[in-house]
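Peer 1: I have a structure here, written as structure tokens, and I will follow up with some questions on it.
The values are calculated or read from the model by the stated rules, or taken from the named source; none is laboratory data. What you are looking at is a predicted structure, and each value in this text was computed from that prediction instead of being measured. Cβ placement follows ideal geometry from the backbone for every residue including glycine, while neighbour counts extend to all protein chains displayed. What goes into the accessible areas is simple: the full protein's heavy atoms, side chains included, and nothing from ligands, DNA or RNA. Shrake-Rupley method; radii C 1.70, N 1.55, O 1.52, S 1.80 Å.
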Amino acid sequence: MNKKIIIFIMPIIILIITSLIYLGFISSFKQFGATNNRFIAVLNKFDTLPEGSLIFIGDSQIREDISCLLIESKLNNSECFNLAVEGIIPSQIMPISFLLTATNPKAIVIGVSPLFFYEGVNKNNDLFFFMNNRKGIVIDKFMDNALTKDEKELLFMLPFDKALYKRKFVLQYFLGLLNSFSSKTQLRTNPNNFKDPYIYTENQPASQLDKKLNDSAVIGMFDINKSSKRQLDIFGHFLEILSNNKLQVIVVQMPLNPLLTDTLGADSLQNYHSYLSLLSQKYNFTLLNLQDDFAKDDFTDLTHLNSVGRQKLAFNIISGDYHIIQ
């Protein structure tokens, strides 16, 4: 073969081979980072959720605070599932509302705090990417107007673009491989743990908590007056959908460390509670205010319960204090 032709053809052959290797790689690997893996597992779980289940949803507060293993000890002929995903916000929960209603649950318990409506914290748009082309993901007219251009691009991304987008997860893939060699890491970051998926096992020192309490940016995240109106409106629409489907819905104002509530303005906390109270009247759901029910020693940090607090909360639930189990 002519040497010039070989020089011309070889780069093309190399490009084709490397492209095929890349496409084979990204189509097979399953590591997308802890939060994304958890969200994918939750989406997959909807296919096998038993009817009449008690379902807890929300962000990391639900993940850390709710032990379905303890709660199930008092459930009659039904199961409990903790489907929380760290950092999730209303705009990312709303598209799965029809998956929730299709499971015909015993009750849906939604954990919230002012942080749940703050759009700037831990916002992970990749969650929209993993909802792309998923059966049961529904975007109604309200959500079509509420979602941003970038969010909708991820939701409706074409197959070729999805393949290219997966490049950003290559690092998480290799980190996942490294973590797979640690049995301790595997145990606490198993994305398919829907019973007691807590991750935090150590209390943060007082010096670290004080640093956060003196940081106006951190405190501002818990000010409902600075929350995203878009997220507040979407949450209302989410509750409307659940109400229209005649589901039993319980919204829980999740426990907050007294160190945090003592720092927040009374006006902000009152506006937060008033917002939820108005929604409960409009959509007829049960509103539980557990915000001030736990001592500072029950927390790992400013918002998440530790093992002691988790057990107290589970005991209160199975004792019927909150009427979650009836």
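Peer 1: Can you give the charge dipole size of segment 124-165 about its Cα centre, rounded to the nearest 20 debye, using +1 on the beta carbon of Lys and Arg and -1 on the beta carbon of Asp and Glu?
Peer 2: In debye, rounded to 20, segment 124-165 gives about 160.
Peer 1: Just going by the charge dipole of the chain, with Lys and Arg at +1 and Asp and Glu at -1 on Cβ, which of 216, 92, 252 is farthest out on the positive end?
Peer 2: Most positive-ward Cα: 92.
Peer 1: Now, a different point. Consider a paramagnetic label point 7 Å from the Cα of residue 211 along Cα→Cβ; state which residues of segment 262-304 have an amide N under 19 Å from it.
Peer 2: Within reach of a label on residue 211, which here means backbone N under 19 Å from a point 7 Å along Cα→Cβ, segment 262-304 contributes 300-304.
Peer 1: Quick check: residue separation of residue 168 and residue 133 times 0.36 nm, minus the Cα distance between them. What number comes out in nm?
Peer 2: Extending this stretch completely gives an extra 10.7 nm.
Peer 1: Same structure again: Can you tally the net charge around residue 218? Count Lys and Arg as +1, Asp and Glu as -1, for every other residue whose Cβ sits under 14 Å from the Cβ of residue 218.
Peer 2: Summing Lys and Arg as +1 and Asp and Glu as -1 gives -1.
Peer 1: Another question about this same structure. In what sequence, highest mean first, do 301-311, 85-95, 47-57 appear when ranked by Cβ atoms within 10 angstrom?
Peer 2: 85-95, 301-311, 47-57
Peer 1: Then there's this: Highest mean first, what order results for 247-255, 131-139 on Cβ atoms within 10 Å?
Peer 2: Working: 247-255: 21.9, 131-139: 15.0.
The peptides rank, most packed first, as 247-255, 131-139.
Peer 1: Counting only complete DSSP H runs, which helices of the chain cover 20 Å or more along their long axis at the Cα atoms and score a mean Kyte-Doolittle of 0.5 or above?
Peer 2: 3-28
Peer 1: Considering only C-alpha atoms, what is the centroid distance from segment 284-326 to segment 112-153, in Å?
Peer 2: Each part's Cα centre sits 28 Å from the other's.
Peer 1: May I ask which of 166/211; 195/229; 152/212; 152/229 have a Cα-Cα span longer than 30 Å here?
Peer 2: Pairs exceeding the cut-off: 166/211; 195/229; 152/212.
Peer 1: For the chain, what is the accessible area per residue in Å² when the probe is 1.4 Å?
Peer 2: 50
Peer 1: By how many nm would the segment from residue 160 to residue 244 lengthen if fully extended, with 0.36 nm per residue of separation less the alpha-carbon distance?
Peer 2: 26.5 nm
Peer 1: Still on this structure: How big is the convex hull of the Cα atoms of the chain, per residue, in Å³?
Peer 2: 173
Peer 1: Still on this model: Taking 20 °C and 1.002 mPa s as the conditions, I'd like the Stokes-Einstein D for segment 33-132 in µm²/s, using the Kirkwood hydrodynamic radius from alpha carbon pairs.
Peer 2: On the way: Rh = 14.0 Å.
This corresponds to a translational diffusion coefficient of 154 µm²/s.
Peer 1: Can you tell me the relative contact order of the chain? Whole percent, Cα pairs under 8 Å, sequence separation 6 or more.
Peer 2: Once normalised by length, the contact order is 24 percent.
Peer 1: Continuing with this model, one more query. Arrange the peptides 63-75, 106-118 so that the one whose residues have, on average, the most other Cβ atoms within 10 Å appears first.
Peer 2: Working: 63-75: 20.6, 106-118: 22.6.
Sorting 63-75, 106-118 by mean packing, highest first, produces 106-118, 63-75.
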